[in-house]
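The structure under discussion appears below in the form of structure tokens.
The values are calculated or read from the model by the stated rules, or taken from the named source; none is laboratory data. Here the structure is a predicted model, which is why all the values come from computation and not from measurement. Here Cβ is always computed from backbone atoms with ideal geometry, including for glycine, and neighbour counts include all displayed protein chains.
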Amino acid sequence: MNPDLLLNGLRAGLTPFLGLPLQLEPDAVPGVVLGVPFDGGVLHRPGARLGPWALRAATMGLGRLPMPLRLQGSEDEPRGYAAMDWVDGGNAPTRPFSIPEALETVTRTVAGWVGHGARTLMLGGDHLMTLGALRAHARYHGPLGMLQFDAHPDAGHGERWGTEAHHGTWVRQALEEGLLDPRRTVQLGLRAPRFDSEELAFLCDAGVKLWTPWDLRDPRLASQLQGDLARVGQGAAYVSIDLDVLDPAFCPAVAEPVPGGLSVVEVLALLRPLHRWPQPWVGADLMELAPNLEGSEASARVAAHLALGLLA
Ligand SMILES: [Mn+2]
């Protein structure tokens, strides 16, 4: 633990993410962390609107070095500090009662920074808000590759619930709006038994690659997996982490926990190939942390370590 970072936080009484300088106005920086305090797209178990505060608090005094996966062997462990010269841009000022307005606010806020060349890391907030970030990034970079960690494919229809969009629909919308390059879109950790065959057929027909936790652990599929992970990064790419990709044993404080998920170390290992992409991801997010639900402090700490795995 870096004593200065912890003492600065104690002294200021503020907890910007990873102790980064707080800067609310967009500027030319390498990257910005943005909170999204909105959960109006959650079907049940709300609380993700409080996620940004819990995520920031979990990084207080954490330092900037990622968790090492190996201390033996010659594996390419990252050596640099995470988020060098990044800033904490505060939260997108989403108002709580309108999904379309919240999406617009997220798009406008993210686009303000992307227009200055900044990469973005978003702290959710419900997973529908990723659609706002994709709209902003696709405007500047064109169709994006996307690596999505999630228990659910999030490609359902909203009409069944009397709404255009919720946290289980945004991937369908992103594909239909042309924000994603489906051949460079990969979903990891899918296992919720509820999604229907139409949803799966839609994704497969589009060319999206789908992986369950069991698939990910199959050594016979290892080279296919590495190929899929590499292909996502063959152009501008977005990395979206729904914390429900983790098993609820590790991260229970999410809107829709599903047993049988990945471990923290498995997710960190799956993030390693991203650092070999020809260009770094342009945007990423950590979504669905609902700190009012059980196990919130451990869940937020897990999310903070995943952030270091993304950034370092
Ligand atoms: Mn999701």
Could you tell me whether Arg108 is surrounded by fewer than 19 Cβ atoms within 10 Å (Cβ to Cβ), more than 16 Å from the ligand (Cβ to nearest atom) and at pLDDT below 95? no
When you scan the stretch 10-18, do you find a residue that is of a type in the set (A, V, I, L, M), buried (at least 16 other Cβ atoms within 10 Å of the Cβ) and over 30 Å from His157 (Cα atoms), even just one? yes
Please list, ordered by first then second residue, the pairs with beta carbon atoms under 9 Å, 6 or more apart or interchain, first in the stretch 280-309 and aromatic (Phe, Trp, Tyr), second within 16 Å of the ligand (Cβ to nearest atom). Trp281/Leu147; Trp281/Tyr238; Trp281/Val239
Need the failing condition index for Arg135 against (1) closer than 30 Å to Gln23 by Cα; (2) within 16 Å of the ligand (Cβ to nearest atom); (3) assigned to a helix (DSSP H, G or I), just the number. (2)
Looking only at the stretch 2-49, count every residue that is at positive phi and among the hydrophobic types (A, V, I, L, M, F, W, C) and tell me the total. 1
Give all pairs with beta carbons closer than 7 Å in which a residue from the stretch 139-156 that is under 13 Å from Gly168 (Cβ atoms) and modelled with pLDDT under 95 meets a residue that is within 12 Å of the ligand (Cβ to nearest atom) and small (Gly, Ala, Ser); count only pairs at least 6 apart in sequence or on separate chains. Gly156/Gly168
Taking the stated definitions as given, is Asp27 outside any strand (DSSP E or B), of a type in the set (Asp, Glu) and in contact (Cβ under 8 Å) with a residue 40 or more places away in the chain? yes
One residue is enough: does the stretch 139-152 have a residue meeting the conditions in contact with a Lys or Arg (Cβ under 7 Å, 6 or more places away or on another chain), within 16 Å of the ligand (Cβ to nearest atom) and either acidic (Asp, Glu) or assigned to a loop (DSSP other than H, G, I, E, B) (or both)? yes
Close pairs from the stretch 74-93: first free of Cβ contacts under 8 Å to residues at least 40 places away in the same chain, partner not aromatic (Phe, Trp, Tyr), Cβ under 8 Å, at least 6 apart: Glu75/Leu69; Glu77/Pro68; Glu77/Leu69; Glu77/Arg70; Pro93/Thr105; Pro93/Thr109
Within the stretch 237-251, residues being more than 16 Å from the ligand (Cβ to nearest atom) and surrounded by fewer than 21 Cβ atoms within 10 Å (Cβ to Cβ) number 2
Of all residues being touching a Lys or Arg at 6+ places or on another chain (Cβ under 9 Å), assigned to a loop (DSSP other than H, G, I, E, B) and among the charged types (D, E, K, R) in the stretch 49-91, which is surrounded by the most Cβ atoms within 10 Å (Cβ to Cβ)? Just the residue, please. Glu77
Name the residues in the stretch 282-301 that are surrounded by 22 or more Cβ atoms within 10 Å (Cβ to Cβ), aliphatic (A, V, I, L, M) and away from the ligand (no atom under 13 Å from the Cβ), would you? Val282, Ala284, Ala300
Restricting the stretch 153-180 to residues that are among the β-branched types (Val, Ile, Thr) and crowded, with 22+ Cβ neighbours inside 10 Å, which is nearest to the ligand (Cβ to nearest atom)? Val171
Requiring at least 2 residues that are over 16 Å from the mean Cα position of the chain (by Cα), the helices (runs of 4 or more DSSP H) wholly within the stretch 201-287 are 213-216, 222-232
Given (1) within 23 Å of Gly168 (Cα to Cα); (2) touching a residue at least 40 places away in the same chain (Cβ under 8 Å), index of the condition Asp247 fails: (2)
